[in-house]
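Below is one structure; the comments refer to it alone.
The values are calculated or read from the model by the stated rules, or taken from the named source; none is laboratory data. Everything quoted here is computed from the prediction, not taken from an experiment. Note that each Cβ is placed from the backbone with ideal geometry, even for glycine, and that neighbours are counted across all protein chains shown. For accessibility, only protein heavy atoms count, side chains too; no ligands or nucleic acids. Shrake-Rupley method; radii C 1.70, N 1.55, O 1.52, S 1.80 Å.
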Amino acid sequence: MAVVSAPSGAALVLVYQTGVSPAGAPLTKQRTLNNIVYNASDQSVYEAAYAIFGLSEYTLLDVYFRRTDELTNEE
């Protein structure tokens with residue numbers, strides 16, 4: 001019983017600040033961009049995220065590159 005992993009997709013998750021609460025805490029939102037190339041380099045994904053938010057009025061706080069694998073049992 002061997003489990004095999006196969007790439008099934010990737011997404012870019014961007015967390016950005018939209019303002020400040022009355023208490024002074026940052027107000028954040030996140031946007032997920034699907035259908036990212038699974039084997040894209042970390043550097044290129046990071047640069048793309050900052051290029052996208054270079055066109056925005058908001059401040060980009062965090063960048064996540066979420067890769068998803070499908071696990072199957074091969075008997």
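Structure values in brief
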| item | result |
| --- | --- |
| Asp62-Gln30 pseudo-label distance in nm [points 7 Å out on the Cα-to-Cβ vector] | 0.6 |
| Val13 versus Glu75: modelled label distance in nm, points set 7 Å from Cα along the beta carbon direction | 3.5 |
| The chain, accessible area per residue, ligands and nucleic acids excluded (1.4 Å, Å²) | 73 |
| Entry for Rg and Dmax of the Cα atoms in Å (calculated from the structure that is shown) out of (1) 12.1, 44; (2) 13.3, 42; (3) 16.7, 58 | (3) |
